[in-house]
There are 2 protein chains.
Amino acid sequence: MENCIFCKIIKGEIPCTKIYEDSKVLAFLDIGPVNKGHTLVVPKEHHETLLDMPDDLLAGVAKATKKIAKAVKEGMKVNGFNVLQSNYRVSGQIVPHYHVHIIPRLETDGLKHWSQGKYGDGEAEGTAEKIKKAL
Amino acid sequence: MENCIFCKIIKGEIPCTKIYEDSKVLAFLDIGPVNKGHTLVVPKEHHETLLDMPDDLLAGVAKATKKIAKAVKEGMKVNGFNVLQSNYRVSGQIVPHYHVHIIPRLETDGLKHWSQGKYGDGEAEGTAEKIKKAL
């Protein structure tokens, strides 16, 4: 898609530090790493969010993510990693081209997960009903 | 697996607020939601992390995650969501049974993403070499 920075990277019009490539997927280092080795896995075909991804391409990206995450863990000599994927602007998605972050984690990185709330009496059931109605 | 809380939920030994179920996947509300409607998508078969997941099951979970995320977005009337998956203790994985978080996002939730660093001259290339060697 015109004016999509990831499409330009895929076409070679903008450089990247490549990690992996196959017929459907390109993976490269995030230029703003949360930790060193932070890698993005991107389908070559342009789709904005998870909800726009065809199932077979989604499976291909997931399989590539597993393969690359193993190499990130081993290559960066870390003991774990997060896989994060953001959808729509409110979620922090900056580039509107589906992409998966593989973020290596260090015991010393000090990164905190978002704090968790809880449901009042009956609130979980009411919440589940709203979601199930939309399934 | 014995003593796995998610395996116990799947077997019905521990209750959950169910959102979705098929032959391979169960989805239910996280009891400690980051935002209301925060849902976990879990394969019924026990595998600890992404690196342990068979490809076909991974594809099944990804497809279910897409379907459920659409319902979370619509049912909770939110404009976006994050998909997060943690691997090994250092990453914040508490239950060692592969699971995917779908986190609805609100314009007003104030949640921040982890801050991003940058690479020095040549450092990205050296980092990529380490990962590519492990592919």
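The values are calculated or read from the model by the stated rules, or taken from the named source; none is laboratory data. Predicted model, so just to flag it, every value in this text is computed and none were measured. Quick reminder, even Gly has a Cβ in these numbers, built from the backbone with ideal geometry, and neighbours come from all protein chains shown. Side chains are part of the model used for accessible areas, which takes the heavy atoms of the whole protein and leaves out ligands, DNA and RNA. Shrake-Rupley method; radii C 1.70, N 1.55, O 1.52, S 1.80 Å.
Worth pointing out:
- Dipole magnitude (debye, nearest 20) for chain A, charges at Cβ of Lys, Arg, Asp, Glu: 400 debye
- Top positive-direction residue, dipole computed over chain A with Cβ charges, set A:Thr108, A:Gly12, A:Ala59: A:Thr108
- Sorted shortest first, the distances from the B:Gln116 label point to those of the same residue in the other copies are 2.8 nm; each point sits 7 Å from Cα along Cα-to-Cβ.
- With protein chains left intact and a 1.4 Å probe, residues in the protein assembly as shown average 48 Å² of accessible area per residue.
- Separation between Cα centres of the stretch A:87-133 and the stretch B:1-68, rounded to whole Å: 15 Å
- The alpha carbon convex hull volume per residue for the protein assembly as shown rounds to 129 Å³.
- Across chain B, C-alpha contacts under 8 Å between residues 6 or more apart give a mean separation that, scaled by the residue count, equals a relative contact order of 23 percent.
- Other copies of A:Val95: label-to-label distances in nm, shortest first, labels 7 Å along the beta-carbon direction: 3.3
- In a DSSP loop and with at most 16 other Cβ atoms within 10 Å, the GluC sites (Glu not before Pro) in the stretch A:57-135 are A:Glu107.
- Acute angle (nearest 10 degrees) that the helix A:55-75 long axis makes with the longest principal axis of chain A, alpha-carbon atoms: 70 degrees
- Principal-axis analysis of the Cα atoms of chain A puts helix A:123-133 at an angle of about 60° to the longest axis.
- Gyration tensor verdict on the stretch A:1-42 (Cα atoms; rounded if a/c is under 1.5, prolate if a/b is larger than b/c, oblate otherwise): oblate
- Simple point charges give the picture: +1 on the Cβ of Lys and Arg, -1 on the Cβ of Asp and Glu, and for the stretch B:1-77 a dipole about the Cα centre of about 540 debye.
- Cα-based shape type of the stretch B:5-134, given that a ≥ b ≥ c are square roots of the gyration tensor eigenvalues and the cut on a/c is 1.5: oblate
- Size of electric dipole in the stretch A:57-135: Cβ of Lys, Arg +1 and of Asp, Glu -1, about Cα centre, debye, nearest 20: 400 debye
- For B:Leu135, inter-copy label distances in nm, listed shortest first [label point 7 Å out on the Cα-Cβ vector]: 3.9
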